[in-house]
Amino acid sequence: MADDLARLAVLDDPVRRRLYEYVRSSGEPVGREEAAEAVGISRSLAAYHLDKLAEQDLLTTTYRRPEGRGGPGAGRPAKLYAAKGEVSVSVPPRDYELAAELLAEAAETGAAPNAVAVRAGRRLGESSTTSVREALEAGGYEPFEDEEGAIRMRNCPFHRLAERHRDVVCGMNQAYLAGLLEGLDRDDAAAELDPEPGRCCVVIRATE
């Protein structure tokens, strides 16, 4: 989340934002001189801002010699910039893409959404070396331990969907976290539905 916010903060500079928008709107990689001319600044200033955008992984860079020139006397290849994928951030974190992927897989395979969610959570747990708490933090759940020692979550990554389709989304969320526990080999804990206002509908409790 901090990295996402840092990336967006780079775009707070109006010149940098205009450069980024110009590169995004171009159908092919853009050179420094072209970008500078497009936004009305010097080449050196454009180079500075374009490199800052690349440092934050908002742009990719490649090098290419001018067309029709080659050999020892052709000069240095020009540095070109291209935009990466979409940039978005939400506070608190949301993960509607994950929900869409799970539902799309269920529709394509004919499997129940909860079964798909269990498998996805299990895969995540099996590929992870973190604790349950760290895995939940990485997923944007904002976990905390309540007075009874259960892990509750301040944030639901599927909040808007859960408000509109509570039974489907909360059930899928519970199945996903149950699969995560399986993948982490945590048979001493269980993911249960226990909705509370303003929090994720799932709680993780120790099993007896």
Verdict on GLU182 being of a type outside the set (Val, Ile, Thr) and surrounded by fewer than 15 Cβ atoms within 10 Å (Cβ to Cβ): no
Here's a check for you: in region 34-53, which residue that is part of a helix (DSSP H, G or I) and without any contact (Cβ under 8 Å) to a residue 12 or more places away in the chain is surrounded by the most Cβ atoms within 10 Å (Cβ to Cβ)? ALA36
Can you tell me which condition GLY139 does not meet? The list is (1) at pLDDT below 90; (2) in contact with a strand residue (DSSP E or B) (Cβ under 7 Å, 6 or more places away or on another chain), and all the others hold. (2)
Residue list for region 106-132, restricted to those being among the acidic types (Asp, Glu) and in contact (Cβ under 8 Å) with a residue 12 or more places away in the chain: GLU126
Could you look through region 144-173, keep only residues that are crowded, with 19+ Cβ neighbours inside 10 Å and free of Cβ contacts under 8 Å to residues at least 60 places away in the same chain, and pick out the one that is farthest from GLU196 (Cα to Cα)? ASN173
Conditions: (1) farther than 16 Å from LEU98 by Cα; (2) part of a helix (DSSP H, G or I). PHE144 meets all but one. Number of the miss? (2)
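The values are calculated or read from the model by the stated rules, or taken from the named source; none is laboratory data. Bear in mind the structure is a predicted one, so any value in this text is a computation, not a measurement. Cβ atoms come from the backbone with ideal geometry, glycine included; neighbour counts cover every protein chain shown.
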